[in-house]
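Each value in this text was obtained by applying a stated rule to the coordinates, not by laboratory testing. Just so we're clear, the structure is a prediction, and the values are computed from it rather than from any experiment. Here the Cβ positions follow ideal geometry from the backbone for every residue, glycine too, while neighbour counts run over all protein chains shown.
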Protein chains: 2
Amino acid sequence: MAEIPLAPIQRLIRKAGAHRVGEDAAAALRDYVEKECLEYASMAVELAAHAGRKTVRAVDIDLAIRR
Amino acid sequence: MAEIPLAPIQRLIRKAGAHRVGEDAAAALRDYVEKECLEYASMAVELAAHAGRKTVRAVDIDLAIRR
């Protein structure tokens, strides 16, 4: 089900200043961020269709995020 | 600079119903999501320190997201 791998999420938590990162922490952040991604992506798909396109473009993502 | 690869983000946009995904779209969503990740991770690092821990745990991430 999950698409985003845990390793980059762990690196981001370390970049944020963590000494150590629990495995459960990376999974929790990944799950949340992946849900957010799907919500923005769904909005972007609707916005692309609204603009008469079959291709989702950055302008659709940008507008989805700003809404 | 970017940690999260584009391929899983493209798959998520397709899961959301996209026929085609522009490369710029995946990059835009990745950049946004990665920024969000760093913000939540920074909060979580502070919350772990506040609880006297050096390890960031899921409870820190959860509280950071709920705040």
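Multiplying the sequence separation of A:Glu46 and A:Lys15 by 0.36 nm and subtracting their Cα-Cα distance, what value in nm do you get? Show your work: numbers first, answer last.
On the way: separation 31, 0.36 × 31 = 11.16 nm, distance 3.42 nm.
Stretched out fully, the A:Glu46 to A:Lys15 stretch lengthens by 7.7 nm.
If we count other beta carbons within 10 Å of each Cβ, what is the order of B:Lys54, B:Lys15, fewest first?
Numbers: B:Lys54 10, B:Lys15 16.
Starting with the residue having the fewest Cβ neighbours, the order is B:Lys54, B:Lys15.
Label-point spacing at B:Asp24 relative to the other copies reads 4.4 nm, in ascending order, each point sitting 7 Å out from Cα along Cα→Cβ. Over all distinct Cα-Cα pairs of chain A, the Kirkwood formula returns a hydrodynamic radius of 13.5 Å.
Averaging sequence separations of C-alpha pairs under 8 Å and six or more residues apart, then dividing by the length of the stretch B:7-67, give the relative contact order as a whole percent. Let's see the in-between values first.
Values: 31 pairs, mean separation 15.2, N = 61.
It comes to 25 percent, rounded to a whole number.
With the convex hull drawn over the C-alpha atoms of the protein assembly as shown, the volume per residue is 91 Å³.
Pairs over the 19 Å Cα-Cα cut-off, from the set A:Lys54/B:Lys15; A:Lys15/B:Lys54; A:Lys54/B:Lys35: A:Lys54/B:Lys35.
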